[in-house]
Amino acid sequence: MSIATRLEELGIELPAVVAPVAAYVPAVVHGGVVYTSGQLPFVNGALPETGKVGAEVDADAAKGYARTCALNALAAAASAAGGVDRIAGVLRVGGFVASDPSFTGQPGVINGASEVLGEIFGDAGKHARAAVGVAVLPLDTPVEVEVAFILA
């Protein structure tokens, strides 16, 4: 089954590629891999929430934002690769969670990205991953996700 068909089956419409907020491009293709820049959970050009997870931002909401980041990453990768059906799977996910000092649930938050990629790609969505807590992220976003996708 094609990835476009799988997305349709799941009822997922990829967003437009988010414009960079600094001096970089959303994704780069090299050696059979599409590397995305860190993606923020922009929806229609705006962040749905700002602040630290475990303080102003609920962990369940942050998990949903990680999912949005992953879909933004897939949109960027598809654009760079020449279409979503040129993406064959996921190699690695890097997740960053702006965390209250007492918050230790970063892996659960980044599961939002990993789980949606698994739903989309099946076994080809299994990936290596990092889930890192940080003091602050760009624009005070609670979550940022970067993904390395394998080309078909």
> Does region 48-59 contain at least one residue that is under 20 Å from E13 (Cα atoms), outside any strand (DSSP E or B) and either touching a Pro at 6+ places or on another chain (Cβ under 8 Å) or without any contact (Cβ under 8 Å) to a residue 60 or more places away in the chain (or both)?
Replying inline: yes
> If you go through region 118-131 one residue at a time, do you hit one that is at pLDDT 95 or above, within 24 Å of V28 (Cβ to Cβ), more than 15 Å from the chain's Cα centre (by Cα) and open to solvent by 30 Å² or more (accessible area, probe 1.4 Å)?
Replying inline: yes
> If you scan region 81-110, which residues turn out to be touching a Phe, Trp or Tyr at 6+ places or on another chain (Cβ under 9 Å), hydrophobic (A, V, I, L, M, F, W, C) and more than 16 Å from K126 (Cα to Cα)?
Replying inline: A81, V97, V109
> Only one residue in V43, V34 is open to solvent by 50 Å² or more (accessible area, probe 1.4 Å) and either within 16 Å of the chain's Cα centre (by Cα) or closer than 12 Å to A98 by Cβ (or both), so which one is that?
Replying inline: V43
> Could you count how many residues in region 1-19 are of a type outside the set (S, T, Y), farther than 14 Å from A70 by Cβ and outside any loop (DSSP other than H, G, I, E, B)?
Replying inline: 4
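Residue-by-condition table, conditions (1) closer than 24 Å to H127 by Cα; (2) among the basic types (K, R):
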| position | (1), (2) |
| --- | --- |
| A19 | no, no |
| A23 | no, no |
| R67 | yes, yes |
| L74 | yes, no |
| A78 | yes, no |
> Failed condition for E144, given (1) surrounded by fewer than 18 Cβ atoms within 10 Å (Cβ to Cβ); (2) in contact with a Gly (Cβ under 7 Å, 6 or more places away or on another chain); (3) touching a residue at least 60 places away in the same chain (Cβ under 8 Å), with all others met?
Replying inline: (1)
> Tell me, which strands (runs of 3 or more DSSP E) wholly within region 82-152 include 1 or more residues that are touching a His at 6+ places or on another chain (Cβ under 6 Å)?
Replying inline: 87-98
>> If I filter region 69-77 for residues that are small (G, A, S), modelled with pLDDT of 95 or more, closer than 24 Å to V21 by Cβ and assigned to a strand (DSSP E or B), do I get at least one hit?
In response: no
>> I need the full set of residues from region 20-31 which are in a loop (DSSP other than H, G, I, E, B), out of contact with any Ser or Thr (no Cβ under 6 Å at 6 or more places or on another chain), open to solvent by less than 70 Å² (accessible area, probe 1.4 Å) and within 24 Å of G82 (Cβ to Cβ), in order please.
In response: P20
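The values are calculated or read from the model by the stated rules, or taken from the named source; none is laboratory data. What you are looking at is a predicted structure, and each value in this text was computed from that prediction instead of being measured. Every residue, glycine among them, receives a Cβ derived from its backbone with ideal geometry; neighbour counts consider all protein chains shown. Accessible surface is based on the protein model in full, side chains and every heavy atom, while ligands, DNA and RNA are left aside. Shrake-Rupley method; radii C 1.70, N 1.55, O 1.52, S 1.80 Å.
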